[in-house]
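Structure first, then comments.
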Amino acid sequence: MSTSFSSLPVVSLSALSSSSPKPDELAALSARLDEVFSTTGFVYLTDLPLTFNHEDVFGLCDEFFGANGLSLDQKMTLAKKTFVKTNKNTYRGYFPTQPGADNLKEGFELGTPYKKTTVSPLTGPKFDLTEPNVFHLSHAEFQTRCETLHTQLQALSERLLSLLAVALGKPASFFDHYLADSLSTLRLLHYPPISSERQQELVCTPHTDSGILTLLHQDPTGGLEVRNSEDAWIPAPYVPGSMVVNIGDLMAKVSGGRWIATYHRVRSTKPADGEVKGRYSVPFFFEPGLNCVVESVDGDEVVYGEHVLEKMKGWVEFQDVVEDVPEMVADGRMVVEAF
């Protein structure tokens, strides 16, 4: 059960820095992760076993969204079919901001850097969850770095899952079947600046994540808030050298409710001059394979592909767009409707 925490815990992953970690250090880390996910559902992880620092990660965002990044026309060539009917990609790629929505962000998504071998009736004409990544032709080096970051975050997720398996009293390999043909998503997000005349408290509304684990790089702008058991919104500011990691709805079910999928939101931030600042955010959503049977400790089962397709019905970037002309995005005339 969530507690009345007033800040997020911080846990070091220094035990994972060795190629041969000590068993007692791994056991202690497993127990600590069990504790924080059982009481808070969120944690700052430090001493990350990654070759990417924060400057590297947000450099990718700047290359895509920044002043010297891709133009709107270039980004729209990578847009999901939801937004440009003639594009073939349905699940990976770019999505523009949704004018008038509280979830005011644009994003670029990529999956595992190799073509999946899974073939399933779930992968139909509307959304192909196993489709390859799409990149702009001018972004060869960008593609390599994005896919390398995805690979490293996937490897870190694998190590975290083994620690969580032990915390449940299971073998460290208990979650290995989640890794086959994983659909994990790396998402580069840009929350554009909002003029001081616009009254908008939130740029991402309260929600829980739907899947297994989320590993988040956030920039120094801040704005992330997590809800505790007393319904108070607790700030989760940027901590240099850290990632914020949280449990998703499906992992909470896997644990039989032992771990918590905690509500969180993003508040717009205003500097002294009153103008709302832009923000970069890079979440990595660990996802099992399309046909993976996710089973809870209570014996409940769900096929992951069915789970995510159902969740997508409520995600605005996967709803049908009436018009797909890029200019409508630029001047705020784009309209969305439900399935």
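Read-outs throughout are calculated quantities, based only on the coordinates presented, and are distinct from any laboratory measurement. Quantities reported herein were computed from a predicted structural model and do not represent experimental measurements. Cβ atoms come from the backbone with ideal geometry, glycine included; neighbour counts cover every protein chain shown.
See the values below:
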{"read-out": "In Hz, Karplus ³J(HN,Hα) per residue of region 40-50 (6.51, -1.76, 1.60; θ = phi - 60°; x = Gly, Pro)", "value": "10, x, 10, 7, 7, 9, 10, 6, 6, x, 10"}
{"read-out": "Cross-link table 75/126; 22/105; 88/311; 75/311, entries beyond 31 Å C-alpha to C-alpha", "value": "22/105"}
{"read-out": "Amide H contacts under 5 Å for residue 80, placed H, 5+ residues apart", "value": "94"}
{"read-out": "Protection proxy ranking, peptides 38-44, 239-245, 71-77, average beta carbon neighbours within 10 Å, highest first", "value": "38-44, 239-245, 71-77"}
{"read-out": "For region 207-218, 3J(HN,Hα) per residue [Karplus equation, 6.51 cos²θ - 1.76 cosθ + 1.60, θ = phi - 60°, Hz, x = Gly/Pro]", "value": "6, 10, 7, 8, x, 9, 10, 10, 10, 10, 8, 10"}
{"read-out": "Amide H partners (placed H, <5 Å) of residue 213, local residues excluded", "value": "248, 286"}
{"read-out": "Pairwise label distance in nanometres, residue 86 with residue 301, each label 7 Å out on the Cα-Cβ vector", "value": "4.6"}
{"read-out": "Gain upon complete extension [residue 73, residue 170; 0.36 nm per residue less C-alpha separation]", "value": "29.9 nm"}
{"read-out": "Ordering of 178-184, 25-31 by packing [mean C-beta count within 10 Å, highest first]", "value": "178-184, 25-31"}
{"read-out": "Amide H contacts under 5 Å for residue 259, placed H, 5+ residues apart", "value": "none"}
{"read-out": "Highest average packing first - 154-165, 212-223, Cβ atoms within 10 Å", "value": "212-223, 154-165"}
{"read-out": "Potential extension, residue 232-residue 114 segment - 0.36 nm per residue separation minus Cα distance", "value": "38.2 nm"}
